[in-house]
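The values are calculated or read from the model by the stated rules, or taken from the named source; none is laboratory data. Keep in mind that what you see is a predicted model, and the values were worked out from it rather than measured. To get the accessible areas, we keep the full protein, side chains included, count just its heavy atoms, and leave off ligands, DNA and RNA. Shrake-Rupley method; radii C 1.70, N 1.55, O 1.52, S 1.80 Å.
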Amino acid sequence: MSGSFRVHSVFAAVLAVALLLFVAVTWLPGPSPVDGTGWAALTVIGAVVLVPAALVVRLRLNDVEAELWPAFRELRRPLRRALVALLLTAAAALVLSVVHGDLLYQEPEALAGRYYASKVSGDRGRIEVTKAGYEAVVENEQRVLLSLAGCVAAFGACATFTAREMFRVDRRS
C-alpha cells in the first residue's frame, strides 16, 4: 500500500510543478499558448478536486489518524525543503498573479472577430474590448486559476508525502 502512496505523492508534486510552469508561460509576451483549450480547466479541476479528495480517501481507508505537522517534520530534510520550496513558490505565484492582474474585466469572449469582456465594477455589463485587452483578460484569468490550482496541488503534495510517512511509521509500530 505504501507504493500507492508514493505514486499519489509523486503525482501531486509533478502536477504542482506542471501548473507552476503553466503559470510561468502565461507571463511570456504574446498570446497565451493555453488560450481556447479545455485541458487547462481539466487540470485545474484535477488539482483542486481530485488531489485532496484522493488524499482524504487514502487516509480514511488506511486508518491513519494523526496530525500532519509533526509527521511533516519527520520527513527527510531534502524532501521537506523541496516541498516547502514548492509550497512557497506556489503561494508567491498566486500572490503575484492576483496583485499584478488587471481585475477590471472578466469573462472574456470572442465572437465573430470581436472581443468582449464583463466589467467587474462600475457599470457592470458586457463591453467590447480590443484584441490585446481580450488576450490580457484571458491570460490574467488563466494565471490566477492555474496558480490557485498550483497552490492546492503543492499542499496536496506536502500532505501526501506526509501521509505516506505516517503510514510507513504506523506499519512499523
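Just to verify a number: what accessible area does VAL7 come out at with the full protein assembly present, 1.4 Å probe, Å² rounded to tens?
So the heavy atoms of VAL7 present about 100 Å² to solvent.
Could you grab the relative contact order for region 80-159? Cα pairs under 8 Å, six or more apart, rounded to a whole percent.
Contact order relative to length: 36 percent.
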